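First comes the structure, then the notes that go with it.
The values are calculated or read from the model by the stated rules, or taken from the named source; none is laboratory data. Predicted model, so just to flag it, every value in this text is computed and none were measured. Counting neighbours? That spans all protein chains shown, and the Cβs are built from the backbone with ideal geometry, glycine included.
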């Protein structure tokens, strides 16, 4: 059956849950459905306003006492790798990139389970089974790619004798103005190779070749050690106060965890700019 979005998408708010980034705080999300003929237009428009995609839902943090979660993106044309990042690119130069359709495989799921068990055993995704994993990968109404990174037998960090091993995976949305890294994971044995950072660096090269101006990284949270790595990329912008701006000194954003900085949910929704859908 064919589905289409109404002219004005409906927005909803989740119940508060413990914040995964800042201890002692509660998280709440503003979200809307993503499906139908206008899904790509809505995804493009709301991604530019700090929203993220999870399967067929677009969401943005809308907490009652905090606005610390800020969407982050890299300006591809202005990005200059640091000395450490250049060294990292050389170290992982032997990885082979393979872009595929959004289709889950058992090999990907096995790698995903290894990653969760090693890095996020207590996280919200820890109990995901293969069917939920397949839904995360495959339930997408927009242009999405699964980008695999494989290491060959001459890699110093190879996992076993042979020529071909799945080292990392990134679920990536292709927007009209960039690439959005939806979710990534890698083999925990290769953690010293800093594959999480390398995937971002490689996506910058993909975007540059495709003449796409931005890499959308998800959320950056001042004061969260889990998010510190994002602030190490040059040409980084954050979505703050309804506009994209250079991150500048990350410490200057520490006051965003103050409850007086939060606007009422009705005002937040009223400021969302929607694409012009055909009636």
Counting residues that are without any contact (Cβ under 8 Å) to a residue 40 or more places away in the chain, which strands (runs of 3 or more DSSP E) fully inside region 184-260 reach at least 3?
243-246
Would you confirm, using the coordinates I've provided, whether residue 179 is under 15 Å from residue 79 (Cβ atoms) and either touching a helix residue (DSSP H, G or I) at 6+ places or on another chain (Cβ under 7 Å) or not in a helix (DSSP H, G or I) (or both)?
yes
Per-region count, region 40-62, residues under 17 Å from residue 179 (Cβ atoms) and assigned to a helix (DSSP H, G or I):
6
Selection over region 135-156 where residues are modelled with pLDDT of 85 or more and either more than 19 Å from residue 52 (Cα to Cα) or part of a loop (DSSP other than H, G, I, E, B) (or both) yields a count of 9
Which members of region 11-39 meet the condition of being assigned to a loop (DSSP other than H, G, I, E, B) and in contact (Cβ under 8 Å) with a residue 60 or more places away in the chain?
11, 20, 21, 22, 25, 34, 35, 36, 38
All conditions in (1) in contact with a helix residue (DSSP H, G or I) (Cβ under 8 Å, 6 or more places away or on another chain); (2) in contact (Cβ under 8 Å) with a residue 40 or more places away in the chain; (3) more than 23 Å from residue 214 (Cα to Cα) are true of residue 125 except (2)
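One line per residue, one yes/no per condition, for (1) under 24 Å from residue 228 (Cα atoms); (2) outside any loop (DSSP other than H, G, I, E, B):
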site	(1), (2)
66	yes, no
86	yes, yes
98	no, yes
104	no, no
Residues of region 40-58 being within 20 Å of residue 134 (Cα to Cα) and crowded, with 17+ Cβ neighbours inside 10 Å, which ones?
52, 53, 58
Scanning for something out of contact with any strand residue (DSSP E or B) (no Cβ under 7 Å at 6 or more places or on another chain), touching a residue at least 12 places away in the same chain (Cβ under 8 Å) and closer than 17 Å to residue 215 by Cα, does region 64-77 turn up at least one residue?
yes
